[in-house]
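Inspection log for the structure reproduced underneath, given as structure tokens.
The values are calculated or read from the model by the stated rules, or taken from the named source; none is laboratory data. None of the values given here were measured: they were computed from a predicted structure. Every residue, glycine as well, gets a Cβ built from its backbone with ideal geometry; the counts of neighbours run over all protein chains shown. Ligands, DNA and RNA are stripped out before the accessible areas are found, and what is left, the full protein with its side chains, is counted by its heavy atoms. Shrake-Rupley method; radii C 1.70, N 1.55, O 1.52, S 1.80 Å.
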Amino acid sequence: TITETADDFTRAFHTGGYTVYALFAEREKLAETVQKELREAVFRGEGLLVAGVHDNRLNKIGPALGLRHIGQVSAAAGVAIPPGALSLSGSFNLLSGDPALRVKRTTAESMATYVPESTSSAPVSDDHDCRDADASTSKDSKPENDECEGHPEKYLDAVTLNRYGWGFAAYAGFDLLATATRDGDVDLTAKLLKALLSGVNPKTINLLPGAGVPIDLVLTNRGMTTPAQVTLTLPVGVTVLDPGTG
């Protein structure tokens, strides 16, 4: 289910019919109470992906993500994915003008890092690249500290994955959905998006009334190439949410 407003997301979330959630933009800010509910949903075993221009306005979700926002990476040109847990590797360019958010991991694991621009073309470092954005808006905030301590090359994690309670939460510090839209659905960015959604997908299914249930069909052809068709008879009251390539 795709929602475009915080109210629509909240209504769908409160139905209890979902176990994986994704936030792709910050034009709509979730209420702090909903952020806390979403955080606890991850703790009880559900999945969350945050992939867009999100910073301290979603700080209540921070513990689930296992990180803190500390500014931006003003000289980031792309993202590099090393061979590892996501079963992907390679690199891609960021969208022009898309902010690359800088985070400091607390419990999260790094899945990909920013690729800095070349020395000759790198812009002058921004004085606010390494500020503790979350702490600066906290009720108990202290004066902002330079988290990078004069080393802007520190904290270049672009994609992370965190185990929180019984669930998983993934994070991308750039607009992954827009980048995948630019590159197409067979490119590395689309594969990264799918891998992150798969990585946070709970291993057990929430079988509440109205819940969506994923069904994977695997058809193995042991002979020569031939057309094939699979027919499923759905129980009464069950409907297809997304037929995919079916």
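Numbers below:
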{"read-out": "Residue in the range 187-206 that is over 13 Å from the mean Cα position of the chain (by Cα), open to solvent by less than 40 Å² (accessible area, probe 1.4 Å) and within 20 Å of Ala76 (Cβ to Cβ) present", "value": "yes"}
{"read-out": "Residue check, Pro227 under 20 Å from the mean Cα position of the chain (by Cα), more than 27 Å from Ser110 (Cα to Cα), without any contact (Cβ under 8 Å) to a residue 24 or more places away in the chain and surrounded by fewer than 18 Cβ atoms within 10 Å (Cβ to Cβ)", "value": "no"}
{"read-out": "Which numbered condition Tyr171 fails, given (1) open to solvent by less than 60 Å² (accessible area, probe 1.4 Å); (2) modelled with pLDDT under 95; (3) not hydrophobic (A, V, I, L, M, F, W, C)", "value": "(2)"}
{"read-out": "Any hit, the range 168-178, residues being assigned to a strand (DSSP E or B) and out of contact with any helix residue (DSSP H, G or I) (no Cβ under 6 Å at 6 or more places or on another chain)", "value": "yes"}
